[in-house]
Amino acid sequence: MPSDAPRTAPRDRPDPQLLELAAACGVATRFTDWRGRESAVHRSTIEAVLTAMGLDVSGPAAVDDALREVRLRPWRRTLPPIVVTREGRTHHVPVHVPHGDPAELVVELEDGGGWAGLRQVDRWVDPVHVDGRLTGRATFEVPDDLPLGWHVLRVHTPSGDSACPLVVTPDALELPPALQRGRSWGYQAQLYSVRSARSWGVGDLADLAELSSAAAEQGAGWVLVNPLAAASPVPPMEPSPYLPTTRRFVNPLYLRVEDVREVAYLPPADRAAVEELAAGCRATNTDPGEIDRDAVWAAKRRALEVVFRHGRTPAREAAFRRYVADEDPGLSDFATWCALAERHGLPVSAWPREVATPEAAAASGAAAELAERVDFHRWLQWQCDEQLRTAQDMATAAGTGPGIVHDLAVGVHPDGADVWSLGDALAHGVTVGAPPDAFNQQGQDWSQPPWRPDRLAEQAYAPFRDMVRTILRHAGGLRVDHVLGLFRLWWIPQGSPASEGTYVRLDHEALIGILALEAQRAGAVVVGEDLGTVEPWVRDYLAERGVLGSAVLWFEYDGASPRPPEDYRELALASVTVHDLPPTAGYLAQEHVALRDRLGLLTQPVEEERRRDRAEQDRILGLVRERGLLREDAGEQGTVEALHRYLALAPSLMIGVSLVDAVGDRRTQNQPGTSLEYPNWKMPLTGPDGRVVLLDDLPTDARARSLARVVDAAVRESRAPGSGGPRGDGAPPAR
């Protein structure tokens with residue numbers, strides 16, 4: 001047997017019943033790694049994952065009981081917890097009733113209308129004894145002509161009525177009008193790093209509005225920003241935008257205090273206090289050192305408290321209360337968590353028992369005691385909502401594209417608001433990550449608790465729907481980081497290395513369908529970050545559903561050879577680089593190799609890694625030269641522009657330009673596999689000389705203007721008549 005073949009010791013080999021239970025719960029017991037080798041999952045991993053799903057697997061008898069219970073779960077319910085189907089397709093629904101009882105199934109439409117009783121399908125299923133009662137299954141057919149929306153299925157039986165949500169989703173998500181007209185390019189930016197002279201030391205929503213407007217003037221149709229989701233309101237504030245405390249609500253760190261309407265009506269003394277706080281933060285805008293989120297938030301919080309105490313007009317108060325009503329109960333749960341975190345600190349595990357859950361906090365009166373503080377945190381979210389609306393309005397004013405594209409993180413902080421408020425919808429005792437791959441050879445542990453597939457379905461996917469709906473309220477698009485996580489997630493038992501995890505499957509048909517429905521209602525495009533180890537059928541499925549994929553120049557290979565740009569997917573966002581790589585100038589200089597070597601992240605000698613990386617770069621650069629786009633004596637800026645010209649030859653609907661490439665930045669924003677070892681997510685935007693580039697400088701920055709002209713001209717040329725742009729009927733382009 002070859003030395004690298006997977007081995008499983010007899011004592012760690014799962015027994016057949018455990019394997020069967022794992023299969024019933026969507027837990028992989030074998031998987032194919034990034035080298036194409038099949039690997040067996042350790043028994044201890046399987047047991048830990050099943051335990052995190054609430055199952056007792058402490059011995060053979062317990063496993064037998066758990067398997068029996070999992071098989072009986074659907075039979076204990078009259079209807080499934082939710083039915084998700086696609087427009088234009090029939091769908092079969094099982095209904096469980098006492099054997100021999102009649103049943104009638106009807107649809108109550110979202111708009112209040114009704115639908116005739118559904119047809120029962122002639123399909124015999126043997127009845128099953130459930131808790132001493134013989135239970136039968138009748139199968140009904142949902143017709144193919146129901147409208148899109150969140151409807152209700154209701155069953156009438158002699159023993160009573162039952163109901164569940166019926167969600168009819170788009171067969172394929174329609175492209176927004178701007179992308180129906182042709183290809184579009186845009187900037188990819190880390191908002192916290194993009195500061196103007198008016199920022200408070202961190203790029204904010206006013207800066208986002210200005211950046212979007214400036215981008216539109218250059219011909220860009222959109223700006224993709226990092227996740228703006230909230231972090232903890234108490235220090236230290238988590239710097240990673242991909243490890244938020246909640247994915248639904250916004251970090252008020254991004255508020256521009258002066259843009260809150262009530263600031264204009266502050267008494268002179270209060271206005272002077274706000275300005276003094278602002279001046280202290282603005283002094284750091286030109287500092288190329290690490291961004292200090294805690295200092296900025298401390299100043300902004302004090303200023304916002306002054307504004308909040310000043311009050312609102314009756315009309316503004318009514319608008320605020322309407323916003324709260326629309327977002328509750330999730331908004332109040334989040335605001336209560338923030339108020340409790342301010343009082344008790346973190347971690348939540350140290351909180352008193354009477355506030356350990358939202359229900360406990362309400363029952364104990366703790367939430368009522370903190371009512372004013374809870375209202376403050378609700379108000380902060382209202383202000384974020386208003387400033388996001390303004391930013392999106394400015395981004396779309398030119399009519400050149402979808403505007404602001406938000407980024408959705410894979411998960412949340414293990415000690416955050418979502419974990420507190422969503423209960424067992426999130427699994428405990430495991431974290432999400434990724435198995436080893438070529439770039440992260442030790443695997444990755446993102447320290448985030450995953451959705452529990454069973455509990456998420458039992459909650460009719462409401463937490464997922466509400467999150468997506470809130471984010472898309474003022475957005476032209478959504479990029480889903482690690483979209484593969486809507487299909488399967490790599491679960492890692494706490495305390496184990498990232499390599500000793502396994503995949504757990506989710507109901508991708510439900511999750512992608514709900515995502516497509518909410519995006520279509522918002523008129524938004526969805527981009528799935530589908531890089532890394534991907535099952536072959538997944539990209540085809542995403543394309544079928546109208547979800548764009550991701551193409552990164554350095555990673556686009558067909559076997560051992562770089563894929564020509566003409567062969568990139570049309571339904572994709574293509575870019576030269578991404579936030580987990582250095583800016584292109586740094587990448588060309590192999591700074592990613594040097595950094596990983598310094599941090600001890602390489603699994604092979606650094607010189608070997610350099611040779612391999614240089615060979616890969618030379619293969620790409622050689623193709624660029626063959627097209628006549630790059631001279632042999634080209635400098636750094638010329639090479640970066642040539643790579644973007646080359647990328648623009650791809651038919652991809654969206655062409656992304658990293659803002660760091662536009663200004664010649666070289667520093668890495670994030671090094672995967674690190675936490676405290678590297679100052680991730682703290683670097684302000686700088687130029688090639690290491691000096692800060694302010695948003696105010698972009699219109700006159702020669703390097704940025706040159707790259708914008710290059711990309712805009714290339715994309716416009718591809719949109720010319722006869723260039724083979726996308727269809728204009730709203731359907732996804734041919735694949």
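Odds and ends about this structure:
- Its Kirkwood hydrodynamic radius, worked out from the mean inverse distance over all distinct Cα pairs, puts region 113-152 at 12.9 Å.
- Fraction of alpha-carbon pairs over 17 Å apart in region 161-209 - percent: 65 percent
- In terms of Cα atoms, the Rg and Dmax of region 134-267 work out to 23.6, 74 Å.
- Projected label distance in nm at ALA264 and ASP597, using a 7 Å step from Cα toward the beta-carbon: 5.8 nm
- Highest-first packing order for the peptide set 406-412, 317-323 is 406-412, 317-323, based on the mean count of other beta carbon atoms within 10 Å.
- If the chain linking GLU38 and VAL152 were pulled fully straight, counting 0.36 nm for each residue of separation and taking away their Cα-Cα distance, it would gain 36.7 nm.
- For region 45-185: rounded, prolate or oblate by the Cα gyration tensor [a/c cutoff 1.5]: oblate
- Set the Cα radius of gyration of region 261-345 against 2.2 N^0.38 Å, with N its number of residues, and you get 1.34.
- Computed about its Cα centre, the charge dipole of region 332-398 is approximately 140 debye, with only Lys, Arg, Asp and Glu carrying charge at their Cβ.
- Across all directions, the shadow cast by the convex hull of region 416-520 built on its C-alpha atoms averages 7.3 square nanometres.
- The alpha carbons of region 477-566 occupy a box of 43, 35, 20 Å along the principal axes, longest dimension given first.
- Alpha-carbon centroid distance for the pair region 394-437 / region 573-642, whole angstrom: 29 Å
- Put simply, the Cα atoms of region 525-597 extend 40, 27, 22 Å along their principal axes, the longest span coming first.
- Additional length obtainable on full extension of the chain from HIS129 to ALA273, 0.36 nm per residue less Cα span: 44.7 nm
- Rg and Dmax of region 386-447, Cα atoms only, in Å: 18.1, 49
- Spread of Cα-to-Cα distances over 5 Å intervals beginning at zero, given as percent, for region 192-237: 5, 19, 23, 23, 17, 6, 4, 2, 0
- Helical runs assigned H by DSSP (4 residues or longer) give the chain a calculated mean residue ellipticity at 222 nm of -11000 deg cm²/dmol, each run adding -39500 (n - 2.57) before division by the residue total.
- Highest-first arrangement of 532-538, 366-372, 431-437, where packing means the average Cβ count within 10 Å: 431-437, 366-372, 532-538
- When the alpha-carbon atoms of region 654-701 are used, the pair Rg, Dmax equals 12.4, 37 angstrom.
- Relative frequency of Cα-Cα separations exceeding 18 Å in region 37-102, percent: 61 percent
- Convex hull volume of region 604-706 per residue (C-alpha atoms, cubic angstrom): 162 Å³
- Kirkwood hydrodynamic radius of the chain, from inverse mean 1/r over distinct Cα pairs, in Å: 27.6 Å
- Working note: Cα atoms of region 498-641, range along each principal axis, descending, whole Å: 50, 42, 27.
- Theoretical gain in end-to-end length, ASP689 to GLU458 [0.36 nm per residue, Cα-Cα removed]: 77.7 nm
Only the coordinates and a few stated rules stand behind these numbers; no lab work does. Small disclaimer: the values here were computed from a predicted structure and weren't measured. In this analysis, Cβ positions are derived from the backbone assuming ideal geometry, glycine residues included, and neighbour counts consider all displayed protein chains.
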